[in-house]
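The structure appears right after this line, and notes come after that.
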Amino acid sequence: PKHYAQYIMNSHEELEQDDFVFNFPELMEAKKREFALRASYGHRIMGFDVARYGNDKCAAVGLHQLGALAWKVFHVEQWDHRDLDYTTGRILSTSNQHNVNDNIIDEDGIGAGPLDFIQKGRKREDFRGFRNAGIPFDSNKFYANPRTAAAFKLREYVTKGWIAIPDEGLIQELMTLRYKFTNDGRRILISKEEMRKEGIKSPNMADALLMAASLIYEVKEKQDRQYSRQSTVSVEENLFEIVGIR
């Protein structure tokens, strides 16, 4: 495969800048960004990309919440494609070792096997699947599939300064992500198969991060609802105290 840096230089010469999902300077800012852990936070999400081919790798990327809108990549790992029993055990041990709250696995292809065993065999409700089936135009007029929508949502977080990505290999993979337009005018990421034909290594770590980041909004919504309930209870308690009711 071509070297990432050489690929980026050649690609930027041959293609329009808009063909790349991520802006290089913004990724460099995300690489050096730092957050301090604030009280009441610490939620952890991990995405798992399961290899489909013998020469491919499985990947795990974890996100740690340090503030209401502050997330940092805290763990990145890859391992060689093996049998599903090994992959399933590796996924479980990685999640348990890092005390992850929410896990998401690419369930297209062979990823469905580990997910099914973990959900049904181990009764783990903290695991869910990520499907990349096409999205009808009426449901989303901008992105043609969930992988593309997740990539542009991550770009939004990077642009707004909500996420820190200190891992060099992960940054390099994100820089290889490109998109094109479908016949109905929606964005869709260049597939891994198309990237392989161009001699580009499969962005397994980047995909694991996309999946993990796709859960950030859900976490924030749950926290907002919890905070709203706590605030309501606090106000009611104060009112009772004012009128002398204990």
- Task: Please compute the net charge surrounding I135, taking Lys and Arg as +1 and Asp and Glu as -1 over other residues with Cβ under 15 Å from its Cβ.
- Result: +3
- Item | For the chain, accessible area per residue (1.4 Å probe, heavy atoms of protein chains only), Å² | 53
- Query: Counting only protein heavy atoms and using a 1.4 Å probe, what share of the accessible area of the chain belongs to carbon plus sulfur, as a whole percent?
  - Reply: 50
- Most mobile of L154, L92, L189 per a Gaussian network model of the chain (Cα springs, under 10 Å)? L92
- Mean projected area (nm²) from the convex hull of Cα positions in the chain is 16.9
- Query: Is the stretch 75-159 best put as rounded, prolate or oblate by its Cα gyration tensor, with a ≥ b ≥ c the root eigenvalues, rounded for a/c under 1.5, and otherwise prolate when a/b is larger than b/c, oblate when not?
  - Reply: prolate
- Note on the structure: Which of D126, D102, D83 fluctuates most in a GNM of the chain (C-alpha springs under 10 Å)? That residue is D83
- When only Cα pairs under 8 Å and 6 or more residues apart are kept, what is the percent relative contact order across the chain? 26
- Message: Using 21 Å as the Cα-Cα cut-off, could you pick out the over-long pairs in K153/K180; K192/K220; K160/K180?
- Response: K192/K220; K160/K180
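GluC sites (Glu not before Pro), restricted to the stretch 119-216: which are DSSP loop and have at most 10 other Cβ atoms within 10 Å? Before the final figure, lay out the partial values.
Details: sites: E125, E156, E168, E173, E193, E194, E198; in loops: E125, E198.
Here the GluC sites (Glu not before Pro) that fit, given the DSSP loop and packing criteria, are E125.
The values are calculated or read from the model by the stated rules, or taken from the named source; none is laboratory data. Because the structure is predicted, anything quoted here is derived from the model rather than measured. Here Cβ is always computed from backbone atoms with ideal geometry, including for glycine, and neighbour counts include all displayed protein chains. Ligands, DNA and RNA are excluded from the accessible area calculation, which covers all protein heavy atoms including side chains. Shrake-Rupley method; radii C 1.70, N 1.55, O 1.52, S 1.80 Å.
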